[in-house]
Each structure stands twice: as C-alpha cells, then as structure tokens.
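Structure incoming, see below.
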Amino acid sequence: MQGMLTRRQFVFVSAAALSALALSGCSGNAEQSPAPNESLGSKPEPTSTASAADNPSSAPEASVGAPSAQTAPQANSSGGKILVACFSATGNTRAVAQTAAAQLKADYFEVEAAVPYSSKDLDYGDSSTRATVEHNDPSARPAIANAPDLSAYDVVLIGHPIWWGKAPRLICTLIESVDFAGKKVAEFCTSGSSGVEGAAAELEGMLPGADWIGAKRFAAGASDSDIANWLDSLAL
Ligand SMILES: Cc1cc2nc3c(=O)[nH]c(=O)nc-3n(C[C@H](O)[C@H](O)[C@H](O)COP(=O)(O)O)c2cc1C
C-alpha cells in the first residue's frame, strides 16, 4: 500500500492516466479537464495509506438501517442538532471528522462501503482498479453498508477524501439515499493538495433542497485550530 501512493506514482498518473481520462462527476456531466489544483500530478503523497479494510479493528461496526456509530442527537451551543457524517478510506478524513464532531459536540456517523475498499482497490495508478473504474463511470453508485437517519438534525457536515478532484462516488450514493431536504449542509474533505471546489460544485448541485452553507479542504493531519476556525466560520 505504501508503495502504491508514492510521488512517483502520482507523477505517473498525471502523465499517463489523467491525460487519457475525462473526469466526470456524480451528476454524469463529463468534464473537459481537471482544474489545475485538481491535477493528480500536483498533489503530494497522501500522508496515510492504511485502508480501513486493512485494519478492521479501526472501523466502526456497520449495519444497514441501524447506524451503530450514531448516538442520540444532542443540541449544540446554539440549540441546533448537528451530525458529522464521513466516509474515509484511509483514515485522514475520519480524523478531521471526529475532531469536528468533538469540537461541535455533534454526533458522528461513519458511512462505510458495503464492500470495503482494499489497498488494491485504491490504486489510482492502475486503470483497472475499483476506485478508478468507479470514477470513470458517472453512473457508478457503490453500495453503502449504512446510512444515517437525518430526521433529528438541523445541520449535516459531510466529509470525504478527494478522489481525482471529486468526492468518491460512494458519496453520491449517500446523497441519493438520504433525505437532506431542509437541512443546512456543509462539506469538508481531505486531499493531497486538490481543493474542494470540484467536489463542492457537484454535491451542492445534488442537494437542491438543502441549504448549502460551505465547503472546506483540509490537509491530512489538519490541526485542531484549523478545524475550529472553519467551524467558527459556519456560525452554527
Ligand atoms: C483513488 C484516489 C484518488 C485520489 N485523488 C486525489 C486527487 O485528485 N487530489 C488529491 O489531492 N489527492 C488525491 N488522493 C489523495 C487523498 O485525497 C488523500 O490521501 C485523502 O486524505 C484520503 O482521505 P481518507 O484517508 O479519509 O481516505 C487520492 C487518493 C486515492 C486513494
């Protein structure tokens, strides 16, 4: 896994793979090319490469219809009920999400793939691997093992890694599986270097009934103060 995510392979992906791929989003709209800051070639190595699939003990329990990671809603200091929901393949986004949930005194829910992503699945240097194949199919909707019940929440923060400048298609599955209508929704991501803009445009477009309140990219290992500053800016 470590060898899979070396800078050399990012460069390889940039030079060989991305030149051949037209990035496309959940909405199915093909894109002509990634924004400069979304180039795989410009991003540094991910700082964590251990797949949850490789470390089952770190993954919360999954059960369809019975979200084990979700606790009873609790009001934050403003009286609103907030859920931080994330998908994380290698742990970087999970760390940010759990810090955010703790700072907000919000509930935390981890969305899991019905079939966990293996290290091989995440090898973006190989055009035949699962993540690559899913990304290249705008209609792909990888099944999720669990989904949060949002009925008790006023605000939902959705966290995910950036894959090829976008959210993993599993996030599309989540958005199409859960009713976000009337919720305030913010998005956050972790990435090697790509910004959140491409993912945010896509997700906001998929949530016309929600009140989109912002999006933020964090580096892996983002500091508590970085996370707190963004949460403060949301004025929840
Ligand atoms: C399939 C795949 C595609 C990726 N694409 C990008 C990308 O386009 N831009 C980027 O900056 N990082 C990219 N990364 C790196 C991840 O965004 C980064 O390591 C992130 O922090 C992983 O989050 P996680 O540990 O929560 O899964 C990619 C990683 C994988 C596995």
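Suppose R0 equals 30 Å; then what is the FRET efficiency for SER177 and LEU234 from their Cβ-Cβ distance, rounded to the nearest 0.05?
The computed FRET efficiency comes out at 0.80.
If the cut-off is a Cα-Cα distance under 20 Å, which lysines reach LYS183, setting aside same-chain residues fewer than 8 apart in sequence?
LYS81, LYS105, LYS216
A follow-up question, please. Any idea what Rg and Dmax come out to for region 173-215 if you just take the C-alpha atoms, in Å?
Rg and Dmax of region 173-215, Cα atoms, are 10.7, 32 Å.
FYI, it's all coordinate maths here, none of it is from the lab. Given the structure is predicted, the values throughout are model-derived calculations rather than measurements. Note: ideal-geometry Cβ built from the backbone for every residue, glycine included; neighbour counts use all protein chains shown.
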